[in-house]
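**Q** Here it is: the structure, laid out below.
The values are calculated or read from the model by the stated rules, or taken from the named source; none is laboratory data. Every value quoted in this text rests on a predicted model; they were computed, and no experiment measured them. Cβ atoms come from the backbone with ideal geometry, glycine included; neighbour counts cover every protein chain shown.
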Amino acid sequence: MKKTLIAFEVIVFLLLCNYSYYLVTDYQTPHGRFDMPILIRLIDMINLFIHEGGHGVFRVFGQFIYFLGGSLMQFILPLATILVFLRTSGLRSLMGTLYWFGHNLINVSVYIADAPKTQLTLISKHALHDWRWLCTQMDNVESAPDIAAVVAFLGAMSLLGAIGVTVYFIIRDVRELFWPAPPPKPMPPGLRPRSSTFLPPEKRASERENEF
């Protein structure tokens, strides 16, 4: 069982390294996105549905938040997934959730960087470019590449975090498999294994009676 788990973690590690490298390099260019790996394309489709859903959710907060809502949802939902799975499934879940968070941030950074040129293909020819509109409203279209660089950096850190967590569990599981921890030493005679301080009152009274 442990060997199977380690083999799975190694496969996950290789996939994370491959896809993370793609996201921070070729994914940033139109030519690189044209020949996108199938899994990356599938995740992008899921992220697109989340993005469009964000517009609907944040519509009630006004026009500015409506345009920001798509990218905002790509931040909120993966972050919530990290927190939920961390609480319910433990640290091992960070292999996937940190990657998804980083993937979304890289995706948003590409959209932001496109604001000055608007070269990305949108879902409709009548659709407005969210970040072109947002940057125009803030009168800082020329700052879009700088904003994109910060978001992309955060995404890359999240991807590295996913890889780091995977490496940690691989090392830990290999060590437990080949160099297991020695069994605990027996307690010396006359020493009690635990204090009765934290025992219920009735059990403490019973132990005192036994001592006499």
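**Q** Check PRO116 against each of (1) touching a residue at least 40 places away in the same chain (Cβ under 8 Å); (2) surrounded by fewer than 19 Cβ atoms within 10 Å (Cβ to Cβ) and name the one condition it does not meet.
**A** (1)
**Q** Let me ask another. Counting only residues that are touching a residue at least 12 places away in the same chain (Cβ under 8 Å) and among the acidic types (Asp, Glu), which one in the range 21-60 is surrounded by the fewest Cβ atoms within 10 Å (Cβ to Cβ)?
**A** GLU52
**Q** Something else now. Spot the failing condition for LEU91; the list is (1) touching a residue at least 60 places away in the same chain (Cβ under 8 Å); (2) closer than 22 Å to ASP130 by Cα, and only one is missed.
**A** (2)
**Q** Right, here's the next one. Within the range 125-151, count every residue that is assigned to a helix (DSSP H, G or I), out of contact with any Cys (no Cβ under 6 Å at 6 or more places or on another chain), touching a residue at least 24 places away in the same chain (Cβ under 8 Å) and within 13 Å of ASP114 (Cα to Cα).
**A** 9
**Q** For residues in the range 22-77 being of a type outside the set (Ser, Thr, Tyr) and not in a helix (DSSP H, G or I), which is farthest from ASN104 (Cα to Cα)?
**A** Here the answer is GLY62.
**Q** When you scan the range 165-184, how many residues do you find that are closer than 19 Å to PHE13 by Cα and not in a helix (DSSP H, G or I)?
**A** Selection size over the range 165-184: 0.
**Q** Could you tell me which numbered condition ILE11 fails, if it satisfies all but one of (1) modelled with pLDDT under 95; (2) more than 17 Å from the chain's Cα centre (by Cα); (3) assigned to a helix (DSSP H, G or I)?
**A** (1)
**Q** Condition check: closer than 27 Å to GLY53 by Cα and among the charged types (D, E, K, R). Does ARG132 satisfy that?
**A** Criteria met by ARG132.
**Q** Okay, moving on. Which one of these does LEU86 not meet: (1) outside any helix (DSSP H, G or I); (2) in contact with a Ser or Thr (Cβ under 8 Å, 6 or more places away or on another chain)?
**A** For LEU86, the exception is condition (1).
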